[in-house]
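Notes follow once the structure below has been shown.
The values are calculated or read from the model by the stated rules, or taken from the named source; none is laboratory data. Predicted model only: the values in this text are computed from it and were never measured. Positions of Cβ are generated from backbone atoms using ideal geometry, with glycine treated the same way; all protein chains shown enter the neighbour counts. The accessibility values were calculated without ligands, DNA or RNA, using every heavy atom of the protein model including side chains. Shrake-Rupley method; radii C 1.70, N 1.55, O 1.52, S 1.80 Å.
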Amino acid sequence: GVAGDQQAALFGQTCLEPGMTKNTYGTGSFVLMNVGRKCPDPVEGLLTTIAWDLGDGPVYALEGAVFATGAAIQWLRDGLGIISAAAEIGPLAESVTSSGGVFFVPAFAGLGSPWWDPYASGTVVGLTGGTGRAELARATVDAMALQTRDVVDAMTKAGGLEVSGLRVDG
């Protein structure tokens with residue numbers, strides 16, 4: 001058989017029922033939602049894919065891509081020197097209760113789902129004299145979560161299904 005990596009991850013994460021969703025975090029993030037046996041109508045900002053076919057007809061999924069998640073952490077490490085290892089991001093982000101009003105849009109290669117804007121560029125706003133490494137780390141982690149939420153919200157609306165479970169790998 002043949003399986004695409006994200007479709008295989010959806011199956012491997014046992015997202016076997018409609019509404020079950022997975023997100024693979026890597027350089028970017030790829031969210032897939034099992035939407036069942038009926039092919040959904042095309043939706044702006046999302047891709048429709050065949051998740052699998054075990055011989056009794058296809059199961060479909062909606063797919064959304066966030067282009068920069070791990071790449072945003074890599075930028076903090078290699079571009080700005082805010083961290084020396086990717087594993088430092090979690091503890092550093094958790095060391096503050098908020099980003100202090102800092103917002104980061106890591107659109108290094110444009111924006112993926114649900115916007116599909118190849119011309120978007122990254123931005124950081126809300127910097128003050130009190131902004132430090134921890135606030136930038138927190139804004140980066142928040143950006144990952146918010147972009148993922150935007151994709152999941154678009155899928156929920158398009159598929160007419162609530163997320164019944166979100167499984168994560170990467």
**Q.** Within the chain, longest stretch clear of exposed GluC sites (Glu not before Pro) (DSSP loop, no more than 15 other Cβ within 10 Å)
**A.** 45-161
Q) Which chymotrypsin sites (Phe, Trp or Tyr not before Pro) in the stretch 61-170 pass both tests, a DSSP loop state and at most 14 other beta-carbon atoms within 10 Å? A) Tyr119
Q) DSSP loop trypsin sites (Lys or Arg not before Pro) in the stretch 21-83 with at most 13 other Cβ atoms within 10 Å of their Cβ, which ones? A) Arg37, Lys38
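With Rg and the Kirkwood Rh both taken from Cα atoms, where does Rg over Rh land for the chain?
Across the chain, the Cα-based Rg/Rh ratio is 1.03.
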Q. When the convex hull of the C-alpha atoms of the stretch 58-144 is computed, what volume per residue in Å³ does it have?
A. 124 Å³
**Q.** Point-charge dipole on Cβ atoms (K/R +1, D/E -1) for the chain, about Cα centre, debye to 20
**A.** 200 debye
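Over the stretch 1-153, with every protein chain in place, what whole percent of the accessible area is carbon and sulfur at 1.4 Å, could you tell me?
58 percent
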**Q.** For the stretch 84-116 and the stretch 44-81, distance of Cα centres in Å
**A.** 17 Å
Q. In degrees from 0 to 90, rounded to the nearest 10, what is the angle of the helix 133-159 Cα long axis to the longest principal axis of the chain?
A. 20 degrees
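If you place +1 on the Cβ of every Lys and Arg and -1 on the Cβ of every Asp and Glu, how big does the dipole about the Cα centre of the stretch 26-122 come out, in debye to the nearest 20? List each step's numbers first, then the result.
On the way: 3 positive and 9 negative charges, 15 e Å.
Magnitude of the dipole: close to 80 debye.
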Q: Note down the relative contact order for the chain as a percent, whole number, built from C-alpha pairs under 8 angstrom at least six residues apart.
A: 25 percent
Q: At q = 0.17 Å⁻¹, what is the base-10 log of I(q)/I(0) for the stretch 102-155 according to the Debye formula with one equal point scatterer per Cα and no solvent? Please give it to two decimals.
A: -0.57
(Q) Once you place label points 7 Å from the Cα toward the Cβ at Leu166 and Arg37, how far apart are they in nm? (A) 2.9 nm
Q: Give the residue from Trp115, Thr131, Leu76 lying farthest towards the positive end of the charge dipole for the stretch 63-145; charges sit on Cβ (+1 for Lys and Arg, -1 for Asp and Glu) and the dipole is referred to the Cα centre.
A: Thr131
